[in-house]
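The structure under discussion appears below in the form of structure tokens.
The values are calculated or read from the model by the stated rules, or taken from the named source; none is laboratory data. For clarity, every value in this text was computed on a predicted model and none was experimentally measured. Positions of Cβ are generated from backbone atoms using ideal geometry, with glycine treated the same way; all protein chains shown enter the neighbour counts.
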Amino acid sequence: MRTTIGIAVDIPEPWGGQLTRARAQTGDPAAAHVPAHVTVLGPTEIDVVDLPAVEAHLSEVAAAHEPFTLHLRGTGTFRPRSEVVFVNVAGGVADFERLWAAVRELDAVRRELKFPYHPHVTVGQEVPTGALDAVFEELAGFEAKFQVNGFTLFEHGAEGRWRPQREYRLGDGPAPPPSSHRRRA
């Protein structure tokens, strides 16, 4: 049996809600069930029997990395290669790259990538060009700075929702189980 997992850092309020609403205004259907976040590991299919090893590995990764400051500023795009507009990670890029590389050291989650890893917050994807242009302009002056204290392991449900499974606190191992995780929109 297989399952699809992902690992992300949520964007806290008030910025997370602002970015999720901006994404929803583009008509991007993912905004309804994927709150604003920076992806550490995109959707990755694994064998369910590998999940305990993945969780143990993530505990080690979290314990080995210290909290860091994330600075989001302005917008960017992957167009014309991919119809995506995002908010830039202006500070904390190296921290995300280290987390991403450490997570991918486990064979169970390593996969071939379509694009190089580029931490960002998606605010529009696969929507009409005018909507992408509008969100690009609307958030051009966006800026936020906050401490990243951990990341979350998600499982992708059949209905398209990402359900939090476990939180990991940077520098001191696993956080409480997902029952303490804030509700995902």
Q: Go through (1) closer than 24 Å to P35 by Cβ; (2) at pLDDT below 95; (3) over 15 Å from the mean Cα position of the chain (by Cα) one by one and return the number of the condition A62 breaks.
A: (2)
Q.
Of the residues P29, P35, only one is farther than 20 Å from L106 by Cβ and crowded, with 17+ Cβ neighbours inside 10 Å; which?
A. P35
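For the stretch 68-84, which positions are in a loop (DSSP other than H, G, I, E, B) and either surrounded by 15 or more Cβ atoms within 10 Å (Cβ to Cβ) or at positive phi (or both)?
The initial filter retains those residues of the stretch 68-84 that are in a loop (DSSP other than H, G, I, E, B), namely 78-83.
F78, E83, listed by residue number.
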**Q.** Hits in the stretch 85-114 (condition: modelled with pLDDT under 95, touching a strand residue (DSSP E or B) at 6+ places or on another chain (Cβ under 7 Å) and in a loop (DSSP other than H, G, I, E, B))
**A.** R111
Q) Say we look at the stretch 132-173 and pick out the residues that are of a type in the set (G, A, S) and touching a residue at least 40 places away in the same chain (Cβ under 8 Å); which of these is surrounded by the fewest Cβ atoms within 10 Å (Cβ to Cβ)? A) G141
Q) Looking at (1) surrounded by fewer than 17 Cβ atoms within 10 Å (Cβ to Cβ); (2) part of a helix (DSSP H, G or I), which is the only condition E13 fails? A) (2)
Q: Give the residue that is farthest from V84 (Cα to Cα), with candidates limited to residues of the stretch 25-47 that are assigned to a helix (DSSP H, G or I) and modelled with pLDDT under 95.
A: A32
(Q) With the structure loaded, tell me whether G42 is without any contact (Cβ under 8 Å) to a residue 40 or more places away in the chain and surrounded by fewer than 17 Cβ atoms within 10 Å (Cβ to Cβ) or whether it fails that test. (A) yes
